[in-house]
Structures are given as C-alpha cells and as structure tokens.
1. Got a sec? Which strands (runs of 3 or more DSSP E) wholly within region 345-448 have at least 1 residues that are under 25 Å from Y268 (Cβ atoms)?
2. Any idea which residue in region 225-253 is nearest to Q321 (Cα to Cα), counting only those that are surrounded by fewer than 20 Cβ atoms within 10 Å (Cβ to Cβ) and among the aliphatic types (A, V, I, L, M)?
3. With respect to the numbered conditions (1) outside any loop (DSSP other than H, G, I, E, B); (2) modelled with pLDDT under 95, which one is the sole condition not fulfilled by A197?
4. Residue by residue through region 235-280, note down the ones that are under 18 Å from R135 (Cα atoms) and charged (D, E, K, R).
5. What residue, among those in region 121-150 that are out of contact with any strand residue (DSSP E or B) (no Cβ under 9 Å at 6 or more places or on another chain) and among the polar types (S, T, N, Q), is farthest from L47 (Cα to Cα)?
6. Give just the number: which of (1) in contact with a Phe, Trp or Tyr (Cβ under 6 Å, 6 or more places away or on another chain); (2) in a loop (DSSP other than H, G, I, E, B); (3) not hydroxyl-bearing (S, T, Y) does G265 not satisfy?
7. Go through region 121-134 and give me each residue that's of a type outside the set (S, T, N, Q) and either crowded, with 19+ Cβ neighbours inside 10 Å or in contact with a Phe, Trp or Tyr (Cβ under 6 Å, 6 or more places away or on another chain) (or both).
8. How about region 211-254: which of its residues are assigned to a helix (DSSP H, G or I) and in contact with a Ser or Thr (Cβ under 9 Å, 6 or more places away or on another chain)?
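The values are calculated or read from the model by the stated rules, or taken from the named source; none is laboratory data. Just so it is clear, the model here is predicted, and its values are computed rather than measured. For neighbour counting, all protein chains shown are included, and Cβ atoms are generated from backbone atoms with ideal geometry for every residue, glycine included.
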Amino acid sequence: MLIVWNFFMIFGILLAVGIGISVQMAEQRRSSMQAVLDGAVLAAADLDQLREPKSVVEDYMARAGMTDFLKSTNVESGINFRTVGAVAEAELKTFFMVTPETWGVVAAAEANETVENVEISLVLDISGSMRFGDRITPLRNAAKDFIDLVLMGDKVDGTTVSIVPYAGAVNPGALMFDELGGVRVHDDSSCIFLEDADFTHSGMPYQSTSQIPHFHKWDIDWNHMDWGWCPSEFMRIRPLQNDATYLKTFIDAMRLHDGTGTMFGMKYGLALLDPASRDELDVVEAAGEISDLGKNRPLNWDEPSTSKFIVLMTDGKITDQFQPKHVGFRDPDDDDEDNEDGDVDDIDGIDHDKLNAERETNRQGSIGGDKRVKARSQNLSNFYNVCNKAKANGVTVFTIAYEAPADAAEEMRNCASSTTHFYEVSQLEIEAAFSSIARQINKLRLTQ
C-alpha cells in the first residue's frame with residue numbers, strides 16, 4: 001500500500017514539475033514570438049515603408065528563425081492609412097504529461113499608421129541675415145528633407161503643405177492681393193501692410209488694404225538677395241501643395257529679401273489653415289496654383305481625423321516695421337526749377353519711387369530715407385496674438401530658432417505649443433530639427 005502511495009506521490013510531483021516547465025517554456029515562446037511580431041507589423045505599417053507589407057513581416061519572422069510559426073498576415077490600406085495584423089502559432093511538447101502531448105502557443109499583433117488629413121504651414125525666414133555664414137544652404141537641405149518625409153509614400157494622399165516665405169513682409173501673390181482688397185500703387189510686388197485688427201482673428205486679412213512700397217532698407221547683397229522689403233512675386237506664398245518635387249524646386253530657388261516680419265509669416269501660416277479662407281483661396285485655385293487635394297481645403301477645425309501644424313523658423317528677432325519717408329514725386333523747395341541738387345533725373349523734383357527702387361533707404365541721406373511705421377513692441381504683441389489663436393484652434397505649433405539671438409529664441413519658445421515643440425539649433429542641427437518635427441507629425445500607433 002505504501003509503495004502504491006509513494007508511486008502516486010512521485011507521479012504527482014513529476015506531473016506538477018512537468019506542467020510548470022511546460023507553462024514556462026510556452027510563455028517564453030509566446031513572448032519571443034510577440035516581440036518579433038510587434039516589430040514586424042510596426043515596420044510593415046509604416047507609410048514610409050516602400051516594401052510590400054506582407055514581405056516585411058515574413059522577413060522579420062525569417063530572421064528570427066520563426067518562419068514556420070507565421071500563420072497569417074492581413075493588410076488593409078487606403079487613403080491616409082495602413083493597418084497590418086499578423087498571427088503566429090507554435091506547438092510545444094509537454095513534459096511528463098500523458099495528455100495533452102503538445103500545447104498550442106499563439107501570438108497576435110496589429111499596427112496601424114493613420115496619416116490623417118494633415119495640413120502644414122511651413123513658415124520660413126528669408127531675411128537678409130540668412131546669408132551670413134551661408135545659413136540658407138543648410139535650411140534648404142533641411143526643408144527639402146522635411147518635405148520628403150511628410151509627403152513620402154501614401155502620406156501624399158492626405159497631406160498638403162503651404163510654404164510661407166517671409167522677410168520684412170509676406171507676398172500673398174498678385175491674385176490674392178487683389179482678392180483681399182489690396183489697393184495697388186506699384187507692380188513690383190504685392191504685400192499688404194497688415195493693420196493690428198487683422199492679428200485678432202485667424203483668417204485671411206480683410207481689414208487691411210495698403211500696399212507696402214517697393215523699397216529696401218538695409219544694405220543688399222546681390223549674390224543672395226533680391227530687392228525689396230516685400231518679397232518678389234516669385235517668392236510669393238505657395239499654398240496647399242502635395243507635389244514634393246514642385247515644393248523642393250521652389251525651396252532650392254528661394255532668394256533672400258530685407259527685414260524680419262515674423263508676425264506676417266505667422267499670420268498667413270495660420271490663415272492657410274483656417275477654413276474661413278476657402279473663399280479667398282478660390283482665385284488661386286482657379287489659376288492652378290493649388291494641388292487637387294488642396295481644392296477643398298483648409299478643412300474645418302473640427303473635421304474628423306484632421307491635424308493641422310505650423311512649423312515656424314527664424315534666425316532673428318522681430319523688428320520694427322519701416323516704410324520710405326517719401327513716395328511718388330516731390331519738389332523739395334517748390335521753386336519750379338529743373339535739376340535741383342538731389343534730383344535723380346531731369347525733372348523738377350525727386351522721383352522717390354525710382355529712388356526707393358534703386359537705393360537703400362539707409363543710403364539716401366537727406367533726400368529720402370525711411371520712417372518707423374510700427375514699433376517692434378506692437379509687432380511682437382501681434383505675433384503672440386496669432387500664436388495664441390493658432391493654439392486655441394488646436395493647431396500644433398513647432399518653432400525653430402536657427403542660430404538666433406536670445407530674444408529671438410525667446411519669441412519662438414513663447415509661440416510654440418510647448419517647450420518640447422521648440423528647437424534652438426545651429427547649422428549642424430537644423431536638419432535634425434526638421435526631421436524630428438516631420439517624424440512627430442508622422443508618428444505611429446501600435447495596437448494589440
């Protein structure tokens with residue numbers, strides 16, 4: 001009897017040990033399969049991934065020696081999204097167990113990347129100081145890499161990018177200038193001088209009509225710059241595009257201009273995300289300057305699966321706003337005598353429009369010059385108004401201070417959605433900053 005009792009005791013101990021070993025080995029196998037599957041579906045679901053998703057999963061499993069365990073891979077994709085799911089199964093022999101002789105171990109994973117309806121305003125500083133140390137070249141490379149990342153693969157089906165170059169002002173383009181009610185006094189460029197009231201709302205400016213004169217204040221460097229506080233027509237806003245080649249070609253050809261009116265750049269950057277701007281953008285769309293995807297944009301603030309971003313970069317602080325002291329014709333002494341001292345041609349008086357278009361206002365001496373029309377303090381206040389409007393409407397604001405002085409960096413830090421959305425960088429870091437922002441916009445979501 002004792003022998004029988006001991007037999008059952010030993011058998012029970014062996015069975016318990018066998019179950020314990022089997023459970024432990026099963027969990028080890030399950031966890032290792034799960035880890036490989038998670039990495040596999042995450043890589044396969046990435047919309048930057050150019051290989052066929054199923055092949056990516058199979059490759060991951062093969063490299064882990066688990067090819068025989070992969071039972072199924074499911075891929076769903078469409079405009080703006082890709083979902084990849086996979087199931088792996090393994091049979092393990094049990095230890096010291098009569099039945100079952102094997103245990104089935106199952107692992108499953110699913111990853112999804114959804115590039116929602118994404119709208120991005122890329123607001124770039126093209127002020128003259130960008131020529132110092134050739135800062136413009138690293139910026140061009142960084143901005144082009146950014147375009148490649150946010151418009152890569154399937155992302156192009158849901159993402160539009162508007163480029164807003166700014167110097168002393170922003171040129172919305174001749175068509176938009178007219179649509180916004182600008183009163184034209186010259187044909188050299190098309191900047192509207194924005195009044196304070198237009199910084200209190202998020203749409204296109206509609207309370208401003210004055211055209212910024214064609215002038216240049218600081219010394220010009222013709223190797224890098226073109227004339228004008230207001231950028232040229234070529235350097236106008238490029239709205240709602242998803243053609244990466246078009247955008248990168250424009251970035252490569254960017255020319256610098258005079259002044260730093262960051263508040264203007266931020267204003268138009270936000271307006272290009274505001275659904276209220278659709279009517280004003282119709283004229284640009286009709287001229288073929290908006291991509292097909294952009295024709296129904298900007299989307300509503302509360303549109304499902306829609307994200308809006310501003311990426312703002314500067315290398316300098318917001319400055320005062322200046323305009324020429326004189327425009328048109330002026331006879332300094334009204335004596336009706338031709339060829340007075342300081343005349344620029346043989347008529348009685350000074351053609352200031354011609355003078356402003358040929359000589360920097362800082363170099364005009366007593367015959368011309370410029371005047372401050374808005375102080376830096378008010379421009380800064382207007383800038384912060386727009387930053388706050390953007391964040392209140394759910395726009396994520398990334399800012400970059402690029403080899404900028406401390407006060408400019410502080411402006412960018414205050415405007416960003418948070419301190420983690422602010423980057424203070426050198427030439428060696430500018431590409432990494434733009435890439436980091438692009439990857440945050442393209443972030444993945446792993447579900448199980």
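1. The strands (runs of 3 or more DSSP E) meeting that bar are 370-374, 396-402, 422-425.
2. The residue in question is A253.
3. Condition (2) is where A197 drops out.
4. Within region 235-280, K248, D252, R255, D258 qualify.
5. T137
6. Answer for G265: the failing condition is (2).
7. Looking only at region 121-134, we keep the residues that are of a type outside the set (S, T, N, Q), and these are 122-126, 128, 130-134.
Once the filter is applied, which keeps residues that are of a type outside the set (S, T, N, Q) and either crowded, with 19+ Cβ neighbours inside 10 Å or in contact with a Phe, Trp or Tyr (Cβ under 6 Å, 6 or more places away or on another chain) (or both), region 121-134 yields L122, V123, L124, D125, I126, G128, M130.
8. Initially, region 211-254 is screened for residues assigned to a helix (DSSP H, G or I), giving 244-252.
Correct list: Y246 only.
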